[in-house]
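Just below is one structure, and these are the notes that go with it.
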Amino acid sequence: MKKLIIFDLDGTLAKSKAPLDTEMAELLTRLLTTAKVAVISGGDWPQFEKQVLAKLPQNNLLKRLSILPTCGTKFYHYTTRWEPLYAENFSKTEKELITNSLNGALAQSGITFSKLWGEQTEDRGSQITFSGLGQQAPLNEKSRWDPDFSKRAKIKAILDAKLTGFSVHMGGTTSIDITKPGIDKAYGIYKLRDILKISVLEMIFLGDALIPGGNDQPVRKTGADCIKVRDPEETKRVIEGIIACLAGVNTNK
């Protein structure tokens with residue numbers, strides 16, 4: 001029986017940087033009554049507050065929800081309020097190395113940008129995130145920029161050579177996430193295992209970037225069951241199926 005259902009955020013539970021819609025919020029609330037839930041994404045804590053938590057009932061069900069920002073480099077849980085359990089933050093020297101390497105990779109790639117919406121590089125403490133069109137780019141522009149991941153794959157290949165001591169993964173619609181070595185979504189899965197005392201075999205992970213180089217892909221190596229989804233609409237149908245299966249298990253007890 002599965003005890004923990006884990007989700008990516010952008011492209012899985014919601015459109016890029018958009019809040020959960022009403023149907024998704026209702027489905028997650030129903031799921032929380034039958035299983036524990038975790039959300040692990042490249043976004044930082046404020047993004048989770050806006051996209052997820054603001055759309056969920058503010059009651060004791062939140063104790064069944066775990067939030068892992070910046071690809072699992074941070075972990076928040078709820079008691080009477082949300083509190084951080086850990087944060088694997090970069091040192092100043094590491095941040096400078098990553099930023100310089102990223103700038104060099106962009107120049108070496110030859111990829112040009114006709115327009116940017118905000119800064120391309122964001123320091124999230126435990127993660128440096130590159131957003132191809134800028135942090136505030138509209139979704140329609142982001143969706144057209146790199147739908148097949150080819151532009152980011154080119155930049156990632158250069159970064160992999162420059163940042164051999166770090167983890168580099170593509171995520172979201174236009175982003176590349178850089179974390180400390182060995183700290184990625186697989187690290188987050190193992191933290192969930194240790195903190196919640198739930199075995200990996202009792203977990204299901206849903207994500208839209210379970211492709212080679214995608215920031216969901218490291219989850220595969222943990223042994224957790226993984227379901228690749230196209231978008232939030234497909235995620236809704238999968239959640240409905242999980243709820244039905246868990247309800248059937250509980251009924252047969």
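The values are calculated or read from the model by the stated rules, or taken from the named source; none is laboratory data. All figures in this text were calculated on a predicted structure; none of them were measured in a lab. No Cβ is skipped: glycine too gets one built from the backbone with ideal geometry, and neighbour counts run over all protein chains shown.
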What is the number of the single condition among (1) touching a residue at least 12 places away in the same chain (Cβ under 8 Å); (2) outside any strand (DSSP E or B) that residue 26 does not meet? (1)
Cβ pairs under 7 Å, 6+ apart, first in the stretch 209-238 and not assigned by TED's automatic domain parsing to the domain that holds residue 14 and in a helix (DSSP H, G or I), second of a type in the set (S, T, N, Q) and at pLDDT below 95: none
Does at least one position in the stretch 54-71 carry a residue that is at pLDDT below 95, closer than 18 Å to residue 190 by Cβ and either surrounded by 17 or more Cβ atoms within 10 Å (Cβ to Cβ) or not assigned by TED's automatic domain parsing to the domain that holds residue 12 (or both)? yes
Output the residues belonging to the stretch 72-82 that are crowded, with 16+ Cβ neighbours inside 10 Å and either charged (D, E, K, R) or part of a loop (DSSP other than H, G, I, E, B) (or both). 73, 74
Of the residues in the stretch 38-71, those that are within 14 Å of residue 126 (Cβ to Cβ) and part of a strand (DSSP E or B) come to 40, 67, 68
Of the residues in the stretch 12-42, those that are touching a Gly at 6+ places or on another chain (Cβ under 8 Å) and either farther than 17 Å from residue 204 by Cα or surrounded by fewer than 22 Cβ atoms within 10 Å (Cβ to Cβ) (or both) come to 16, 17, 42
Filter result for residue 244 (aliphatic (A, V, I, L, M) and touching a residue at least 60 places away in the same chain (Cβ under 8 Å)): no
